[in-house]
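Engineer: Starting off with a structure, shown below.
Derivation of every value follows stated rules applied to the coordinates shown; laboratory data play no part. Just so it is clear, the model here is predicted, and its values are computed rather than measured. Cβ atoms come from the backbone with ideal geometry, glycine included; neighbour counts cover every protein chain shown.
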Amino acid sequence: VQLQASGGGLVQAGGSLRLSCAASGRTFSTFGMGWFRQAPGQEREFVAAINWSGSTKYADSVKGRFTISRDNAKNTVYLQMNSLKPEDTAVYYCAADGQMLRPVYTTTGYFSYWGQGTQVTVSS
């Protein structure tokens, strides 16, 4: 499984970005996907996840501002980020669940495949 994340960049506080993660190598529609982020000197943290049926979960820090979605026809998962804050600055990673047809998970241990990360920088 290969994951290719894109869409990061530099944006002012209050702005928006949309991250994309294209997956290849298996039946995309049957696996959950997630977004995590890691700021310098900090642990990688959960941001949002969506499972095979479309159920979603979000970190409290992004609820109401970020939206995760998937397009199974394009084998792509998206993270729409609105009302960005400087504390959202991090490298964002997409990840794929290691098993098919599971509930939504929020911890890294359930995700077996990781993309290369894309930098998001929010200036104040």
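Engineer: State the volume of the convex hull built on the alpha-carbon positions of region 53-124, expressed per residue in Å³ and rounded to an integer.
Structural biologist: 108
Engineer: Additional query: Can you list the residues, at least 5 places off or on another chain, whose amide H is less than 5 Å from the amide H of Tyr113, using H built in the peptide plane?
Structural biologist: Long-range HN contacts for Tyr113: Ala96.
Engineer: If you don't mind, another one. Would you mind computing, in nm to one decimal, how far apart the modelled labels at Gln12 and Ser123 are, each placed 7 Å from Cα along Cα→Cβ?
Structural biologist: 0.9
Engineer: Beyond 19 Å, how much of the Cα-Cα pair distribution for the chain remains, as a whole percent?
Structural biologist: 40
Engineer: Mind telling me which of Ala23, Ala59, Ala49 comes out most flexible in a GNM of the chain, alpha-carbon contacts under 10 Å?
Structural biologist: Result: Ala59 has the largest fluctuation of those listed.
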